[in-house]
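These notes concern the structure reproduced below.
The values are calculated or read from the model by the stated rules, or taken from the named source; none is laboratory data. Just so it is clear, the structure is predicted and the values come from calculations on it, not from any experiment. Ideal geometry is used to build each Cβ from the backbone, glycine not excepted, and the neighbour counts take in all protein chains shown. For accessibility, only protein heavy atoms count, side chains too; no ligands or nucleic acids. Shrake-Rupley method; radii C 1.70, N 1.55, O 1.52, S 1.80 Å.
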2 protein chains.
Amino acid sequence: MLTDLKVEEFIKEVGSNQPAPGGGSCSALAGGALAASLAQMVAHLSGEAHADVVPNARVIADRLRHLTNRDTEAFNLVVAAYRLPRRTEQEKKERRAAIQAGTRMATEVPLQVMEVSLQALVLAKEMALHGNPNTISDAGVAGLLAAAGCRGGAAYNVLINLPGLKDREFAAEAKHRLDEILASVDRLDTEIKEHVNRALKDS
Amino acid sequence: MLTDLKVEEFIKEVGSNQPAPGGGSCSALAGGALAASLAQMVAHLSGEAHADVVPNARVIADRLRHLTNRDTEAFNLVVAAYRLPRRTEQEKKERRAAIQAGTRMATEVPLQVMEVSLQALVLAKEMALHGNPNTISDAGVAGLLAAAGCRGGAAYNVLINLPGLKDREFAAEAKHRLDEILASVDRLDTEIKEHVNRALKDS
């Protein structure tokens, strides 16, 4: 599994000439798991009032670590489907079905990354506004990374897969979820940035 | 070293109750090393015309991997300096000097993260605009992560350290470099986002 690699090896894998791991897994890791873990650290350092954030953030980070692996698995599934034989009508039909199933998973996983990263963003906001002021820059980074993850690997990967989906109802629903999440992301991202920049300028 | 940890362990370290590794190392890793590696991957998949991007991106990713470790080292240096004894005048003087040296390093490292992440952002733009259109979402993620890294761990960590610097000339120069880099980041980030969103909507 990807997240069993050393950080150094993960960086090399991303930079290789293979298309996966790519933007999806990087977004889940950076925008999600690291952002949630930063919120967790700030909660640890913010006293009893924020103790409940610690286990919440840990669960979110765990889910995003899992999704880091799943995104690359979904991509590989699509690639494998395209490589299936297509000599007979039966084979062609099975290949088409496999491509659709893979593309659907490759859309569903980044949507989940968006949903869970949005939860990380909510925690980042809570920690930026109410956590230990000495760690406000860490909460601020959590916010920036979570927003980048949602907009990036997640949203871009959903959008890039939509045209290939034959199930137009699923595609429309995915686009709807994406737009809703991005609206929340924009709002939270702006609130956190304004607060952190103001606090750092006043310090 | 931090980047010798497994990805999974790195995530746990960030989420621990210790203030380092924090936003600085996460920004160098996510906003820098992963962004540069994504640009490197896109270059690999974009044909001969972009072959020179591969070694450039690798060097940038290597430097940011190094800075991921250095940021936490700088933080630990400051913490160690604050813990020095201060019983005699001589000890107090040495402690103050050690705090200043540590704070200076804790300002210089994130400034370097910003400078090198800006280079990653430039490569991300080149790959988003001129690379393989099939990997445009990966180039887009590289852009978002590099911009988040510059604005985040990097800029926030510089700003949080400035008030503690007795050398006001160094502090003013650091603030000037920071403002210049952030202006470039804003411009590049907007260009990449607009291009990628337009391309994905038209696909």
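Within the stretch B:85-104, the set of residues being of a type outside the set (Gly, Ala, Ser) and within 12 Å of B:Asn161 (Cα to Cα) comprises B:Ile99, B:Gln100, B:Thr103, B:Arg104. Within the stretch B:56-83, if we keep just the residues that are of a type in the set (Ser, Thr, Tyr) and either open to solvent by 10 Å² or more (accessible area, probe 1.4 Å) or away from chain A (no Cβ under 12 Å) (or both), the residue that is nearest to B:Gly152 (Cα to Cα) turns out to be B:Thr72.
Let's see how each residue does on (1) within 19 Å of the chain's Cα centre (by Cα); (2) under 30 Å from A:Arg95 (Cα atoms); (3) open to solvent by less than 10 Å² (accessible area, probe 1.4 Å):
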{"position": "A:Ala106", "(1), (2), (3)": "yes, yes, no"}
{"position": "A:Val109", "(1), (2), (3)": "yes, yes, yes"}
{"position": "A:Gly143", "(1), (2), (3)": "yes, no, yes"}
{"position": "A:Gly149", "(1), (2), (3)": "yes, no, yes"}
{"position": "A:Ala155", "(1), (2), (3)": "yes, yes, yes"}
{"position": "A:Ala174", "(1), (2), (3)": "yes, yes, yes"}
{"position": "A:Ser184", "(1), (2), (3)": "yes, no, no"}
{"position": "A:His195", "(1), (2), (3)": "no, no, no"}
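The set of residues in the stretch B:9-18 that are within 7 Å of chain A (Cβ to nearest Cβ) and either open to solvent by 50 Å² or more (accessible area, probe 1.4 Å) or not in a helix (DSSP H, G or I) (or both) comprises B:Gly15, B:Ser16, B:Asn17. Of all residues in the stretch B:1-24 being of a type in the set (Gly, Ala, Ser) and at pLDDT 95 or above, which is farthest from the chain's Cα centre (by Cα)? Taking the candidates together, the pick is B:Ser16. Given the structure, is B:Asn69 under 21 Å from B:Asp189 (Cα atoms), under 20 Å from the mean Cα position of the chain (by Cα) and not small (Gly, Ala, Ser)? Here the answer is no, as B:Asn69 does not meet what is asked.
Evaluating B:Ala57 against the criteria (1) in contact with a helix residue (DSSP H, G or I) (Cβ under 7 Å, 6 or more places away or on another chain); (2) more than 30 Å from B:His130 (Cα to Cα) leaves one unmet condition, (2). Among the helices (runs of 4 or more DSSP H) confined to the stretch B:122-203, the ones with at least 1 residues that are free of Cβ contacts under 8 Å to residues at least 12 places away in the same chain and farther than 23 Å from B:Ala98 by Cα are located at B:168-202.
Checking each residue in the stretch A:122-141 for being at the interface with chain B (Cβ under 7 Å from one of its Cβ atoms), open to solvent by less than 10 Å² (accessible area, probe 1.4 Å) and of a type outside the set (Val, Ile, Thr) picks out A:Ser137, A:Gly140.
Condition check for B:Leu5 on (1) within 11 Å of another protein chain (Cβ to nearest Cβ); (2) touching a residue at least 40 places away in the same chain (Cβ under 8 Å): one failure, at (2).
Restricting B:Met114, B:Met41 to those that are within 12 Å of another protein chain (Cβ to nearest Cβ) and touching a residue at least 60 places away in the same chain (Cβ under 8 Å) reduces the list to B:Met41.
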